[in-house]
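Q: One structure follows; several queries about it will come next.
The values are calculated or read from the model by the stated rules, or taken from the named source; none is laboratory data. These numbers come from a predicted model, not from an experiment. All Cβ positions, even for glycine, are placed from backbone atoms using ideal geometry, and neighbour counts span all protein chains on display. Heads up: the accessible areas ignore ligands, DNA and RNA and are worked out on the full protein's heavy atoms, side chains in. Shrake-Rupley method; radii C 1.70, N 1.55, O 1.52, S 1.80 Å.
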Amino acid sequence: FSAARAVKDIEVMSREHHSVAHPQERAQVREYLIQRLEGLGADTISLYKYDSLVGPENRHVVYTFDAVNILAEFSPMTPSQDQTYLLFVAHYDSRYSQPMPKDTVWSYGAADDGYGLGVTLETVSQLLKHRKDWKQGVKVLFTDAEEVGMEGMKAQWADTLAGKKVFDNVGLMINLESRGTYGPVLLFETCPGNEKIHKLYSSAARYPYTYSLTT
């Protein structure tokens, strides 16, 4: 794994603000991610578009926007009929406007969630070196409109005709998200039934940290 290669991706994606208020800049980030996934050799890349979403609620401003989620699939060299997948998730929209005492600021999305995008791309590139040994496949879901209330993921989950099927054969999902802009990387949230994941994390990470007050 190369943090330097991940940073190169982050530098490209964080050149401009790309929140739901910046549709053209967000589209540029989306196209870059599609090109990177194609370059990695994804078997399929699917786009899930959801029109006229609204958010965030109870904030200083409300936006109406379209969201486009990106799904890439990488199957084992010899897939099985009941093939299961490891799913990586990260979002590619940056934080929308935030009023401050002297100004209104916008995020460039380098940490939140350029970090998750860059780490995912680099991780998949390393996993692909061992593809001949895969038993599970790998899926990558880059979601849109996360900052305004996870609207992109909510729309995907509510899309029972096509979008929700993305999760049907997923054995484990890892969401790479940013909380804060400095300090060590922490496991800040997990769900019940993940005792084996805790053991793997504590044995594999050089400095494994998590605690109940992280969020």
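Q: Using θ = phi - 60° and the Karplus relation 6.51 cos²θ - 1.76 cosθ + 1.60, list the HN-Hα couplings for the range 66-77 in order, rounded to whole Hz, with x at every Gly or Pro.
A: Couplings: 9, 10, 10, 8, 10, 10, 10, 10, 10, 8, x, 5 Hz.
Q: Further question on the same structure: Probe radius 1.4 Å, ligands and nucleic acids ignored: give me the carbon and sulfur share of the accessible area of the range 29-155 as a rounded percent.
A: About 50 percent, which is the carbon plus sulfur part of the accessible surface.
Q: Quote the accessible area belonging to H60 in square angstrom, nearest 10, computed with a 1.4 Å probe and with ligands, DNA and RNA left uncounted.
A: Approximately 100 Å² for this residue.
Q: With the other protein chains left in place, how much accessible area per residue, in square angstrom, belongs to the range 1-134 at a 1.4 angstrom probe?
A: Heavy-atom SASA per residue in the range 1-134 reads 53 Å².
Q: Sequence neighbours fewer than 8 away in the same chain don't count; with that in mind, list the lysines whose C-alpha is under 17 Å from K49.
A: Within the straight-line cut-off, K49 pairs with K154, K164, K165.
Q: Could I ask something else about it? Starting from the range 186-215, pick out the chymotrypsin sites (Phe, Trp or Tyr not before Pro) whose DSSP state is loop and whose Cβ has at most 15 other Cβ atoms within 10 Å.
A: Of the chymotrypsin sites (Phe, Trp or Tyr not before Pro), the ones in loops of the range 186-215 whose Cβ has at most 15 other Cβ atoms within 10 Å are F188, Y209, Y211.
Q: Just flag the GluC sites (Glu not before Pro) in the range 1-102 sitting in loop per DSSP whose Cβ has no more than 14 other Cβ atoms within 10 Å.
A: Those that pass, being in a loop and sparsely packed, are E57.
Q: With everything on Cα atoms, drop me the angle between helix 3-13 and the longest principal axis of the chain, reported from 0 to 90° to the nearest 10.
A: 40 degrees
Q: Run the 1.4 Å probe and let me know the accessible area of V61, rounded to the nearest 10 Å².
A: Its accessible surface works out to 40 Å², give or take rounding.
Q: Can you give the percent of C-alpha pairs in the chain whose distance is more than 22 Å?
A: Everything past 22 Å amounts to 53 percent.
Q: Still on this model: From the phi angles alone, apply the Karplus equation (6.51, -1.76, 1.60; θ = phi - 60°) to the range 119-134 and give each ³J(HN,Hα) in whole Hz, x where the residue is Gly or Pro.
A: 5, 4, 4, 5, 5, 5, 4, 6, 4, 5, 5, 10, 4, 5, 9, 5
Q: In whole Å and largest first, what semi-axes does the C-alpha gyration tensor of the range 79-140 yield when each eigenvalue is scaled by 5 and square-rooted?
A: Largest first, the range 79-140 gives 37, 12, 5 Å.
Q: Report the antiparallel proportion of the DSSP beta bridges in the range 30-151 as a percent, rounded to a multiple of 5.
A: 70 percent
Q: So what's the back-of-envelope 222 nm ellipticity for the chain, counting only DSSP H runs of four-plus at -39500 (n - 2.57) apiece and dividing by all residues, rounded to 500?
A: Helix-only estimate at 222 nm: -8500 deg cm²/dmol.
Q: Something else about it: Accessible area per residue, 1.4 Å probe, Å², for the range 135-215: what's the number?
A: That works out to 70 Å² for each residue.
Q: Quick one: if the Förster radius is 25 Å, what FRET efficiency do K129 and Q35 give, using the C-beta to C-beta distance and rounding to 0.05?
A: 0.75
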